[in-house]
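Report on the structure given below.
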Amino acid sequence: MAKCMYCGKGVSFGHNVSHSNRKTGRTWKPNIRKVSIVENGTHKTVTICSRCLREGKVERS
């Protein structure tokens, strides 16, 4: 599932709008990475977005 385990960022939906103003469905997917972290002294593999990773919300193992 394309969702961050910490901030909850997920897939967004909207439209592509052409020059003639026709609308077709599209999605925006977050930049999700699988990383191994240390949580409560145990090693886990979680999916986390690149923003949370950059801000240091988790401690990588």
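Summary of computed values
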read-out	value
Scan of the stretch 1-47 for residues that are at pLDDT 95 or above and over 19 Å from the mean Cα position of the chain (by Cα), ordered by number	H15, N16, V17, S18, H19, S20, N21, R22, K23, T24, G25
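Results for (1) open to solvent by 70 Å² or more (accessible area, probe 1.4 Å); (2) not β-branched (V, I, T), shown as yes or no for each residue.
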position: G8; (1), (2): no, yes
position: F13; (1), (2): yes, yes
position: W28; (1), (2): yes, yes
position: V38; (1), (2): no, no
position: K44; (1), (2): yes, yes
position: E55; (1), (2): yes, yes
position: R60; (1), (2): yes, yes
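The values are calculated or read from the model by the stated rules, or taken from the named source; none is laboratory data. These numbers were taken from a predicted model, which means no experiment stands behind them. Side chains are part of the model used for accessible areas, which takes the heavy atoms of the whole protein and leaves out ligands, DNA and RNA. Shrake-Rupley method; radii C 1.70, N 1.55, O 1.52, S 1.80 Å.
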